[in-house]
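Here's the structure, in structure tokens; my notes come after.
The values are calculated or read from the model by the stated rules, or taken from the named source; none is laboratory data. Quick caveat: nothing in here was measured; it's all calculated off a predicted structure. Using ideal geometry, Cβ is built from the backbone for each residue, glycine included, and neighbour counts are taken over all protein chains shown.
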Number of protein chains: 2
Amino acid sequence: MITVLAGGVGAARFLQGLLQVHPFSDVTIISNVGDDTELFGLHVSPDIDAVLYHLAGLADEERGFGVRDDTFHTLDALSRFGYDTWFRLGDRDLATCLTRTHLLRRGLTLAEATAEVARALAVPAAIIPATNDRLRTKIRTDAGLLDFQEFFVKRRAADPVREIIFDGADSARPADGVLEAIASADAVLVTPSNPLISIAPILAVPGLRDALRDTRAKVVAVSPIVGGAAIKGPAARMLRDQGLEASAATVARLYADFLDAIVIDSVDADLAPRIEAADPHSGRQGMAVTVTDTIMSSMERKAALARATLRAAGVSTS
Amino acid sequence: MITVLAGGVGAARFLQGLLQVHPFSDVTIISNVGDDTELFGLHVSPDIDAVLYHLAGLADEERGFGVRDDTFHTLDALSRFGYDTWFRLGDRDLATCLTRTHLLRRGLTLAEATAEVARALAVPAAIIPATNDRLRTKIRTDAGLLDFQEFFVKRRAADPVREIIFDGADSARPADGVLEAIASADAVLVTPSNPLISIAPILAVPGLRDALRDTRAKVVAVSPIVGGAAIKGPAARMLRDQGLEASAATVARLYADFLDAIVIDSVDADLAPRIEAADPHSGRQGMAVTVTDTIMSSMERKAALARATLRAAGVSTS
């Protein structure tokens, strides 16, 4: 059994590769919900849906979210009713959100609703939100405390990030099966997602981080930072905003308390000794490093990255 | 002040004509809600929206409901999630339903939500649902008791109608302003809508029928039955299913307790004496009859019908 901590598009691409080399019936995906939002009264789960659409072969891979060849007729009509439409929810994407919202209103948990949606989209893996409770990432900027999507989409993540808050995390409970999936896994993989806003909200759910520290499985992350830049999105700049170096070494350090190994890109090979060495200052143990090509520019490269990551976790692959 | 009891498309067409000859700031429309339904968790008000779309110039006049040139991408995607899609809710139409549902969930009444939607669509008339409470038309057929839209849309109104039930009517209260609009009107007009399923659910709200009997305004209906057939829809057959003659005389009789005059089509001129005469059997008084062309095949004819109806109600027109 492989358990994967997943953000949005980076996770989705990594999982596409994993699907090539590992039977998906053995994979449990634990998804970030910190960027969930409410639009027009609908519950929108962008990270869950990014993963589902990619695995269902429906994703708009260029935009990085939503459904390929989607149209925006409902959204455009909604603008007439005074709604903001900077979150470009397409007509087909809306069907997913309507379904999820309808299921939630009928009393299903987010995990149950997600399972229904995944089944309808014929996605074979188990995908579980980190929590069924309300957990919302908020970003403190010089313009005030912003809802995540307002910061990320409306303002294009342009504001310097002063603080990242996971509203509701303190009282959130892990969804059924989350802690078990970590405890009983043969390997736990952390996808190449923004550590501050895609993975951290998962880790903020009480019990998650302890489960990662305690599991007997190897925990392996893939660095989303390559050569000092994020593969996609504002991760590098956000790390610097926090006074951190934008590097795979920082990613390793952020996960140091539970990580056994990290996969970094060949361009960052010189970082390996620093990561492998123990840090006497913090008392941190060193960790194993796999150096490989991490740019997921084709299905072959995605599969190769998944294979290297599984190998680092001690799992044999096909 | 003119108050109009309105069903769906027949009402919408009549109101288009009224808009040509009377200032809409003086018109209050009381709408049927018996055919409201829930689809995908959304509150759909087909009659209210038929009127709004026609008055906003957005209506798909050929289909008789929905928005012109609408697309069905969300609906088609919803079929993947196991939803029935025989109710062809278009993408733009969906925006209206999303907005209404969102407003209802935020605690607004249906009347308040309707006012917001009308304002956004720049419809200048006041349109009030007959009730804010849940009132649903159900049709007893040999296939069982059907929700109205299942009977009307899914099964194309093909089943013989054994009984028509207005579920919830007993405990429904008139929406704010409904009784006042009838009591204080200079004229009350009943649109050429199906008397059994478009107007009867309005009359079923406790207090409505008494208000119509008691108002000092003249109450004038336009017959939707012309030459023994309905202008549109199954009204004629439904009347026969109830053991009634499909004629303007029956319409007059169904409204006899509150109607002062009826407008019938020229082809039915021979019915006028029967309607004008008192009915010693039932004790019914005779009523005034206006005979004119009632087929609303052009804007000119719609306006002429509105003018004739207002004249029958004693209102001078421009």
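In the range B:204-214, how many are free of Cβ contacts under 8 Å to residues at least 40 places away in the same chain and either crowded, with 20+ Cβ neighbours inside 10 Å or closer than 13 Å to B:I30 by Cα (or both)?
Count: 1.
In the set B:V222, B:V251, B:V267, which member is of a type in the set (A, V, I, L, M, F, W, C), in contact (Cβ under 8 Å) with a residue 60 or more places away in the chain and surrounded by 15 or more Cβ atoms within 10 Å (Cβ to Cβ)?
Unique residue meeting the criteria: B:V222.
Considering only the range A:35-54, I want to know if a residue exists there that is among the small types (G, A, S) and either over 26 Å from A:I139 (Cα atoms) or modelled with pLDDT under 95 (or both). Break it down stepwise before answering.
At the first step, the residues of the range A:35-54 found to be among the small types (G, A, S) are A:41, A:45, A:50.
Then drop every residue that is not either over 26 Å from A:I139 (Cα atoms) or modelled with pLDDT under 95 (or both), which leaves none.
Looking for residues that are among the small types (G, A, S) and either over 26 Å from A:I139 (Cα atoms) or modelled with pLDDT under 95 (or both), one finds none in the range A:35-54, hence no.
Give me the residue from the range A:84-110 that is closer than 24 Å to A:R68 by Cα and of a type in the set (V, I, T) and, out of that set, surrounded by the most Cβ atoms within 10 Å (Cβ to Cβ).
Here the answer is A:T96.
Any residue in the range B:101-109 that is of a type outside the set (D, E, K, R), within 27 Å of A:A115 (Cα to Cα) and more than 19 Å from the chain's Cα centre (by Cα)?
Yes, the range B:101-109 has at least one match.
Give the range A:123-156 a look and list any residue that's crowded, with 18+ Cβ neighbours inside 10 Å, assigned to a loop (DSSP other than H, G, I, E, B) and either in contact with a Phe, Trp or Tyr (Cβ under 8 Å, 6 or more places away or on another chain) or touching a residue at least 60 places away in the same chain (Cβ under 8 Å) (or both), or say none.
A:V123, A:A125, A:A130, A:L135, listed by residue number.
Quick one: which residue in B:V51, B:V33 is of a type in the set (A, V, I, L, M, F, W, C) and not in a helix (DSSP H, G or I)? Write out each step before concluding.
On the way: B:V51 fails: not in a helix (DSSP H, G or I).
Selected residue: B:V33, the only one of B:V51, B:V33 that is of a type in the set (A, V, I, L, M, F, W, C) and not in a helix (DSSP H, G or I).
Which count do you get for residues in the range B:204-222 that are within 26 Å of B:T141 (Cα to Cα) and among the small types (G, A, S)?
The number of residues fulfilling the criteria is 1.
With the requirement that a residue be of a type in the set (S, T, Y) and part of a helix (DSSP H, G or I), what does the range B:170-195 give you?
Matches in the range B:170-195: B:S171 only.
Can you find even one residue in the range B:20-38 that is under 30 Å from B:G168 (Cα atoms) and within 11 Å of chain A (Cβ to nearest Cβ)? So that I can check it myself, show each step before the final result.
Applying the first criterion (under 30 Å from B:G168 (Cα atoms)) to the range B:20-38 yields B:27-38.
Within this subset, residues satisfying the condition of being within 11 Å of chain A (Cβ to nearest Cβ) are B:38.
Yes, the range B:20-38 contains at least one residue that is under 30 Å from B:G168 (Cα atoms) and within 11 Å of chain A (Cβ to nearest Cβ).
So how many residues does the range A:294-318 have that are outside any loop (DSSP other than H, G, I, E, B), of a type in the set (G, A, S) and within 18 Å of A:D260 (Cα to Cα)?
Total meeting the criteria: 3.
When the range B:74-122 is examined, which residues are found to be within 10 Å of another protein chain (Cβ to nearest Cβ), part of a helix (DSSP H, G or I) and touching a strand residue (DSSP E or B) at 6+ places or on another chain (Cβ under 6 Å)?
B:R92, B:D93, B:C97, B:R100, B:T101, B:L104
Can you tell me which condition B:A169 does not meet? The list is (1) facing chain A (nearest Cβ under 9 Å); (2) under 22 Å from the mean Cα position of the chain (by Cα), and all the others hold.
Among (1) facing chain A (nearest Cβ under 9 Å); (2) under 22 Å from the mean Cα position of the chain (by Cα), B:A169 violates only (1).
So how many residues does the range B:221-268 have that are within 16 Å of the chain's Cα centre (by Cα), of a type outside the set (V, I, T), at pLDDT 95 or above and not in a helix (DSSP H, G or I)?
4
Starting from residues that are within 12 Å of chain B (Cβ to nearest Cβ) and touching a residue at least 60 places away in the same chain (Cβ under 8 Å), keep the ones in the range A:53-73 and report whichever is nearest to the chain's Cα centre (by Cα).
A:Y53
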